[in-house]
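Before any comments, here is the structure.
The values are calculated or read from the model by the stated rules, or taken from the named source; none is laboratory data. Nothing here was measured: the structure is a model prediction, and the numbers come from that model. Glycine gets a Cβ as well: all are built from the backbone with ideal geometry, and neighbour counts include every protein chain shown.
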Amino acid sequence: MYQKNTTIVKGIDWIMVWLYIILVTVGILCIFSVEYKSGDNVLQSFTGLKKEYSKQLLFLGISAVVAVFILLTDSKFFTATANLGYLFGLLLILATFAVGKEIGGSKSWIPLGFMNLQPVEVCKIFTSLALAKYLSLPETNFQKTKIQLVAAAIAFTPAILSVLQKEPGAAIVYFSFAVAFYREGLPTLYLIIIFSLAILIIAGIVMSSVVFYTIITIAAFLFIFFNWRKLKKDMAKIFVVVLVWLLCCGVKLFLVPAVFNSILKPHQVVRIFSTFGIDDYKFKSAERTAEINKEFAKLGTAKKKPGEKVESYNVKQSKIAIGSGGFTGKGFLQGTQTRGEFVPAQNTDFIFSSVGENFGFLGCAGLMLLYFGLMLRMIFLAERQRSTFSRVYIYCVVGILFFHVALNVCMTLGLAPSPGITLPLLSYGGSSLITFTTLLFICIKLDADRQMILR
């Protein structure tokens with residue numbers, strides 16, 4: 001029979017705890033390295049709460065209180081309140097439409113005085129718990145299409161609200177729940193369709209209309225030609241091929257223009273163009289074209305030589321900072337790009353550039369190993385759970401962590417558009433740090449009570 005833990009430390013996975021502590025410490029050091037000025041009174045600046053590294057220390061204190069509270073909480077509390085918490089999270093996001101504060105062109109923050117709360121960030125916790133609750137119900141069979149659609153609705157409703165807030169970058173992370181879906185038996189075909197759609201959208205952005213339509217037409221023709229013996233026995237399959245061809249054309253003809261002309265904000269369009277080196281896209285209206293050119297002008301990228309890649313100032317400075325660190329880095333507090341404030345958002349979205357400049361390739365590799373080790377450890381914890389609720393929840397957190405790390409690092413290196421996604425436990429911000437602390441320590445608590453069957 002399961003015996004409830006009588007102490008806060010019993011059953012805790014200390015490997016997870018130490019990985020968390022190391023990552024948070026690295027984050028505070030990186031924030032300190034770009035804000036510290038020679039002659040500053042370190043003790044006074046840390047206690048004055050005027051510098052971002054001192055505020056981050058305050059957020060860490062709040063996070064520690066949250067972590068202790070979670071470890072003292074009965075694991076059944078998370079299953080009992082999962083649906084209520086999810087509803088609360090959605091209401092928080094909806095509240096931003098009325099009382100939200102606009103930051104960076106997006107009205108997705110709620111001011112709390114000492115910090116700004118981003119509900120779509122916090123809602124990742126509630127969504128993970130709600131999905132774990134739903135998929136762990138005895139009557140839930142994830143092989144059924146109806147169940148899959150309900151789970152998808154739970155996962156993507158906050159993402160849709162985030163897009164309506166004009167914060168599509170935050171919405172991207174909600175695709176991370178596909179990791180948990182796949183572990184619970186989501187057919188591989190669904191993932192192939194999702195990734196194929198993503199590739200089609202990128203191809204629709206990068207390729208001209210003539211090249212795009214020519215390639216997909218040749219591909220459809222070759223598929224029919226080499227599979228004609230099978231297809232002629234069932235002409236309905238040829239209809240499916242033609243339908244897929246029409247859908248691919250629709251992506252280029254309707255979806256991509258709609259995204260660039262109506263959904264994305266000008267600065268987000270510029271981020272994507274900067275990644276793919278596009279500077280000659282034709283927009284629907286002259287007004288939209290003028291808005292985009294204005295954004296390019298702000299970055300000093302409006303005029304470029306033929307064939308020269310368009311690159312945003314943020315990404316360019318980030319790559320310079322990381323490259324200047326070399327193999328071993330310039331050393332702590334010795335960076336020139338980050339300490340000179342040449343890299344925008346260097347404490348938040350582009351904090352990885354500080355790691356690269358201060359600690360070089362070795363430091364970046366070490367940081368990636370820490371993240372990789374944390375995710376592997378979480379997968380190990382997930383697979384030893386007796387409860388479906390615990391397993392699904394931990395895989396949800398693994399997916400969120402992976403998407404954040406992969407997108408942020410690729411963004412910083414100029415390998416992906418800049419969606420404004422933080423680097424977990426390193427980037428400055430109360431919402432981000434408290435959210436990831438909560439996500440991870442719920443994992444730790446569920447694992448400590450892994451002998452308990454939760455639904």
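Of all residues in the range 221-236, none that is assigned to a helix (DSSP H, G or I) has its Cβ atom under 7 Å from the Cβ atom of a residue that is exposed (fewer than 10 other Cβ atoms within 10 Å of the Cβ), 6 or more apart or on another chain. List the residue pairs whose Cβ atoms are under 9 Å apart, where the first residue sits in the range 153-167 and is assigned by TED's automatic domain parsing to the domain that holds V179 and under 17 Å from I400 (Cα atoms), the second is in a helix (DSSP H, G or I) and of a type in the set (D, E, K, R), and the two are 6 or more positions apart or on different chains. So the pair list comes out as P158/K124.
Here are some residues: F212, F239. Which one is over 34 Å from the mean Cα position of the chain (by Cα) and modelled with pLDDT of 80 or more? Answer to the check: F239. Here I379, I453 are screened, and the one residue that is in contact (Cβ under 8 Å) with a residue 12 or more places away in the chain, more than 24 Å from G325 (Cβ to Cβ) and not assigned by TED's automatic domain parsing to the domain that holds G325 is I453. If you check V397, V355 for being of a type outside the set (S, T, Y), farther than 27 Å from C123 by Cβ and touching a Cys at 6+ places or on another chain (Cβ under 9 Å), only one passes: V355. The number of residues in the range 134-169 being part of a helix (DSSP H, G or I) and farther than 21 Å from I93 by Cα comes to 7.
Evaluation of R386 against the conditions (1) farther than 21 Å from Q56 by Cβ; (2) touching a helix residue (DSSP H, G or I) at 6+ places or on another chain (Cβ under 8 Å); (3) surrounded by fewer than 22 Cβ atoms within 10 Å (Cβ to Cβ) shows that the sole unmet condition is (2). For the range 390-433, name all the residues that are touching a Lys or Arg at 6+ places or on another chain (Cβ under 6 Å) and either basic (K, R) or not in a loop (DSSP other than H, G, I, E, B) (or both). Answer for the range 390-433, where residues must be touching a Lys or Arg at 6+ places or on another chain (Cβ under 6 Å) and either basic (K, R) or not in a loop (DSSP other than H, G, I, E, B) (or both): Y395, I400. Out of all the residues in the range 405-425, is one or more touching a Leu at 6+ places or on another chain (Cβ under 9 Å) and on the phi > 0 side of the Ramachandran plot? Looking through the range 405-425, at least one residue is touching a Leu at 6+ places or on another chain (Cβ under 9 Å) and on the phi > 0 side of the Ramachandran plot. May I ask you to verify whether I160 is surrounded by 14 or more Cβ atoms within 10 Å (Cβ to Cβ) and at pLDDT 85 or above? Here the answer is no, as I160 does not meet what is asked. Counting only helices (runs of 4 or more DSSP H) that fall entirely inside the range 48-126 and contain at least 3 residues that are modelled with pLDDT of 90 or more, farther than 26 Å from F156 by Cα and in contact with a helix residue (DSSP H, G or I) (Cβ under 7 Å, 6 or more places away or on another chain), the qualifying elements are 52-72.
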